[in-house]
Amino acid sequence: MVKSFFEGFNYPNYIVIPLAILKVFGVIMILWRQSLWLTEWAYAGFFFDLVLATAAHHMAGHGIIGFSLYGLLLIFPSYFLGKQIRN
């Protein structure tokens, strides 16, 4: 099912596993918050992933409104509230 989903966006199949692993590590880094540098990179990775996912949905003809756009809108309050709590 995941393979056909990625093929619908013309993505190669070999990117599925590394992308999933990096997303899990990103969530761990954001929740762990021991390294400010790694937390910033995790947020940056999720931001770029969500921007590119929204663009991929638009280019595939699915429309721009979807879970990737909602995730993009939710990452900003998470980042800025987390930054305020850290400081």
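None of the figures in this text is laboratory data; all of them are computed from the coordinates on show. All of these numbers come straight from a predicted model, not from anything done at the bench. In this analysis, Cβ positions are derived from the backbone assuming ideal geometry, glycine residues included, and neighbour counts consider all displayed protein chains.
With respect to the chain, whose longest principal axis is taken over its alpha-carbon atoms, helix 16-32 is tilted by about 20°. The chymotrypsin sites (Phe, Trp or Tyr not before Pro) of the range 1-60 meeting both criteria, a DSSP state outside H, G, I, E and B (loop) and at most 14 other C-beta atoms within 10 angstrom of the site's C-beta, are F9. Treating r as the C-beta distance of H62 and F6 and R0 as 22 Å, the FRET efficiency rounds to 0.95.
With axes computed from alpha carbons, what is the tilt in degrees of helix 36-59 against the longest principal axis of the chain, rounded to the nearest 10 within 0 to 90? Value to nearest ten degrees: 20. For the chain, the average shadow cast by the Cα convex hull is 5.9 nm², which is a quarter of the hull's surface. Per residue, the chain reaches -26000 deg cm²/dmol at 222 nm when only DSSP H runs of four or more residues are counted, each adding -39500 (n - 2.57). The residue list F80, H62, G45 was ranked by how far each Cα lies along the charge dipole of the chain toward its positive end, using unit charges on Cβ atoms, and F80 comes out on top.
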